[in-house]
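The values are calculated or read from the model by the stated rules, or taken from the named source; none is laboratory data. None of the values given here were measured: they were computed from a predicted structure. No Cβ is skipped: glycine too gets one built from the backbone with ideal geometry, and neighbour counts run over all protein chains shown. Surface accessibility is based on the protein's heavy atoms, side chains included, excluding ligands, DNA and RNA. Shrake-Rupley method; radii C 1.70, N 1.55, O 1.52, S 1.80 Å.
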Amino acid sequence: MESYTPKQIANILNVSTTTLRRYEEQDLIPVVPRTKSNHRYYKSIHFQAFTAIRALLKGYDTPMVYEVMRMIKHGRFEEALWLVNEQQFHIQVEKQRVEEILGMIQNTDFTKYKNVKLNEWMSIGEAAKISGVNTSAIRHWEYEGLVHSERNKENGYRMFSIPELRKILVISSLRKTVYYIENMKKLLNDLDTQNYGNIERSFQLALENLNNQLLLQLKGIAELMKYIHFFTGAVP
């Protein structure tokens, strides 16, 4: 069976040997054998494990990748694949959400969202539930000057109007692609003035990013399946 030194794999994958050691310390790969002189060396299964990790990290969050790799190491293949599948579902939901909000932007009669009739004024909890974000995120966006609330005269609680809810929906969809507060403020100002060109381009970029992430996820899954084959005895 082919063997590799840590430096050889590090060079092939364009990472440091320290990174490889960290993956080993995180219990992500099979037990690493040693030479008689106590130097570690890797076999084909380790090489594929590292390849799968690097491919998965391009499309998935680090905690999920680490959990999947630990599951596979301990023979929990089905659980690992269902976890990956769950992430595929999430990106599908996000794509649908972005497309829905893109269609909502130019709707002058914005009185419903996902078949839910909107009240003229909504509490922060209601706004958070409708937009699918945490109340802490809305408070942060208000602190940054992206959205504005009025205070309920009876109890002092924050109340958000329908136009502000629309801003919350836009922010929640573009926060991964519009990185600077000032750029987001300009887009929200365009929303207020019904100047939709830049906003639509930003949403198209968000959709392109999701398409790219999907491609990277599928490439990661392909490498993951090669790795699983080492355990099932069906090495291609």
Would you confirm, using the coordinates I've provided, whether Tyr66 is under 19 Å from Leu218 (Cα atoms), open to solvent by less than 30 Å² (accessible area, probe 1.4 Å) and among the hydroxyl-bearing types (Ser, Thr, Tyr)? no
Quick check: is even one residue across region 70-78 β-branched (Val, Ile, Thr) and either modelled with pLDDT under 90 or within 30 Å of Phe50 (Cβ to Cβ) (or both)? yes
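Sort through Glu94, Glu86 and tell me the only one that's at pLDDT 90 or above, of a type in the set (Asp, Glu) and part of a helix (DSSP H, G or I).
It is Glu86.
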Could you grab me the full set of residues in region 12-68 that are under 25 Å from Asn209 (Cα atoms) and either touching a His at 6+ places or on another chain (Cβ under 9 Å) or of a type in the set (Asp, Glu) (or both)? Asp61, Glu67
Scope region 93-120; condition more than 19 Å from Leu214 (Cβ to Cβ) and either within 19 Å of the chain's Cα centre (by Cα) or open to solvent by 80 Å² or more (accessible area, probe 1.4 Å) (or both); matching residues: Gln106, Thr108, Asp109, Lys112, Lys114, Asn115, Lys117, Asn119, Glu120
Scanning region 168-225 for residues that are in a loop (DSSP other than H, G, I, E, B) and more than 20 Å from Leu57 (Cα to Cα) gives Arg175, Val178, Tyr179, Tyr180, Thr193, Gln194, Asn195, Tyr196
Region 179-205, residues that are within 28 Å of Asn119 (Cβ to Cβ) and either among the aliphatic types (A, V, I, L, M) or outside the structural domain of Glu144 (by the TED database) (or both): Met184, Leu187, Leu188, Leu191, Ile199
Within region 62-92, residues within 11 Å of the chain's Cα centre (by Cα) and in contact (Cβ under 8 Å) with a residue 12 or more places away in the chain come out as Met64, Gln87, Gln88, Ile91
